[in-house]
Amino acid sequence: MSQNLENNETEQSNVQDSDVIKIKNLNKWYGNFHVLKDVNLNVKRGEKIVICGPSGSGKSTAIRCINRLEEFQQGSLIVDGVEMIDDVKNIEKIRRDVGMVFQHFNLFPHLTILENLTIGPIWVQKKSKEEAEKTAMMYLERVKIPDQANKYPGQLSGGQQQRVAIARSLCMSPKIMLFDEPTSALDPEMIKEVLDVMVELADEGMTMICVTHEMGFAKKVADRVIFMDGGEIVEQNTPTEIFDNPQTDRLQLFLSQII
Ligand code: ADP
Ligand code: MG
């Protein structure tokens, strides 16, 4: 994993601007419903951001805009120098550079674990099967389940499936990883094994945006915690300040509900 990240790092060092994501006055509506209200957020290379906030506050919508799973109506969003406009070429580059891990794993149920990991590299990146499988096995080792390679997703535990989903993203050599509540569908005993993989990835320098309410994880890895409510960024600060010294009633209320 680290070798891969180092390669990215070399490539990235040529880029002058250290903000890999620049979101300016982003506004989005679902019909009449104003779901994102003037969201501003810059993320530096290697930075780790945790987003928290009540259900329905727009967290998923916000991060889905970053890899263009959602479109928006107003504002600007630049990812790794590419402005998000309705240009298919740009969308392909963004999808390649930005990996995403979802709450419900989203693995292909009819493919083996190894096939889940190699399908993208073979079909999208045009890698040989041999090379794709070698990379896939390396990442399965990293997430500590190489022995599961020939099983199907349904034969694995939730925690194992989520680790496969992370490995699958890493096989595409992303520059940025987005996580949308990756542990909230897991039984408590499986949360740690997934968070451990995420902490390792953070330690290796990956740029990460994680929607999660795992405060221990936020305190350990986040450079910044962003609190969203009602489609707005209400507060952002270091984990210590956010959790120990909330400035708004809204954040205080939210914290009192999750602790
Ligand atoms: P969060 O991830 O913080 O729980 P979401 O970004 O999923 O919030 O949703 C924000 C709001 O937008 C919610 O009120 C939700 O019901 C609404 N919403 C999400 N997706 C859609 C959609 N495709 N069409 C209409 N409303 C949506
Ligand atoms: Mg969500």
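The values are calculated or read from the model by the stated rules, or taken from the named source; none is laboratory data. Values in this document were obtained by computation on a predicted structure and should not be read as measured data. Note that we place each Cβ from the backbone using ideal geometry, even for glycine, and neighbour counts take in every protein chain shown. For accessibility, only protein heavy atoms count, side chains too; no ligands or nucleic acids. Shrake-Rupley method; radii C 1.70, N 1.55, O 1.52, S 1.80 Å.
Report note on the peptides 242-254, 90-102, 170-182: ranked by the mean count of other C-beta atoms within 10 Å, highest first, their order is 170-182, 90-102, 242-254.
Centroid-to-centroid, using Cα positions, segment 24-63 and segment 170-239 are 15 Å apart. I need the shape label for segment 112-224. Rule: rounded when a/c is under 1.5, else prolate if a/b > b/c, else oblate, with a, b, c from the alpha carbon gyration tensor. It comes out oblate by the Cα gyration axes. For the chain, the carbon plus sulfur part of the accessible surface works out to 48%, probe radius 1.4 Å. Distances between every pair of Cα atoms in segment 63-168, grouped in 5 Å steps from 0 to the bin holding the largest one, split as 2, 12, 20, 19, 16, 14, 9, 6, 2, 0 percent.
Placing unit charges on the Cβ atoms only, positive for Lys and Arg and negative for Asp and Glu, gives the chain a dipole magnitude near 460 debye about its Cα centre. Taking every protein chain into account, the accessible area of segment 173-259 amounts to 43 square angstrom per residue (probe 1.4 Å).
Take the Cβ atoms of Trp29 and Met137, set R0 to 45 Å, and the FRET efficiency comes out at 0.50. For the charge dipole of the chain, defined by +1 on Lys and Arg C-beta atoms and -1 on Asp and Glu C-beta atoms about the Cα centroid, which residue among Ser57, Thr240, Ala136 has the Cα displaced farthest towards the positive pole? Result: Ala136.
Once the convex hull of all Cα atoms in the chain is built, its volume per residue stands at 132 Å³. Each stretch of four or more DSSP H residues adds -39500 (n - 2.57); spread over every residue of the chain, this sum gives -12500 deg cm²/dmol at 222 nm. For the chain, set up a Gaussian network in which alpha carbons nearer than 10 Å are linked by springs, and say which option among Tyr30, Tyr139, Tyr152 fluctuates the most. Checking each option, the largest mean-square fluctuation is seen for Tyr30. Each of Thr112 and Ser184 was given a label point 7 Å from its Cα along the Cα-to-Cβ line. The distance between the two points is 3.5 nm. The GNM of the chain, with springs linking C-alpha atoms under 10 angstrom apart, assigns the highest mean-square fluctuation among Val143, Val225, Val82 to Val82.
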